[in-house]
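Student: Starting off with a structure, shown below.
The values are calculated or read from the model by the stated rules, or taken from the named source; none is laboratory data. Predicted model, so just to flag it, every value in this text is computed and none were measured. Positions of Cβ are backbone-derived with ideal geometry, glycine not excepted, and every protein chain shown enters the neighbour counts.
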């Protein structure tokens, strides 16, 4: 999403591209915080969140705590503004425990070690 918005902004088509992320009834943003964003990129995320605020649902996944959001958005104030809008009407589902992806891989390794054939 950020790459698409950045490209659209450089081409003078930001308003049109924002519509892509404002139209769906539900917008899913997966792995938020996986890579840090530059200030201008974080501002584009804020624009999407702000324009969808109280108008459309967002499902967001992240492996970062809310206190870490300032780090990957590069600005504590901007991260606070984003979180303020996201958390106002939300349900937070915190999942703690081992990764389901690694669980299957670790089980396979264990089986291989137990069966030295």
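Student: If you go through the range 50-69 one residue at a time, how many are under 28 Å from residue 99 (Cα atoms) and crowded, with 17+ Cβ neighbours inside 10 Å?
Tutor: The total comes to 2.
Student: Can you tell me how many residues within the range 15-49 are more than 17 Å from residue 86 (Cα to Cα) and surrounded by fewer than 16 Cβ atoms within 10 Å (Cβ to Cβ)?
Tutor: Residues in the range 15-49 being more than 17 Å from residue 86 (Cα to Cα) and surrounded by fewer than 16 Cβ atoms within 10 Å (Cβ to Cβ): 11 in total.
Student: Quick check on residue 80: is it over 13 Å from the mean Cα position of the chain (by Cα), outside any loop (DSSP other than H, G, I, E, B) and modelled with pLDDT under 90?
Tutor: Against the criterion (over 13 Å from the mean Cα position of the chain (by Cα), outside any loop (DSSP other than H, G, I, E, B) and modelled with pLDDT under 90), residue 80 does not qualify.
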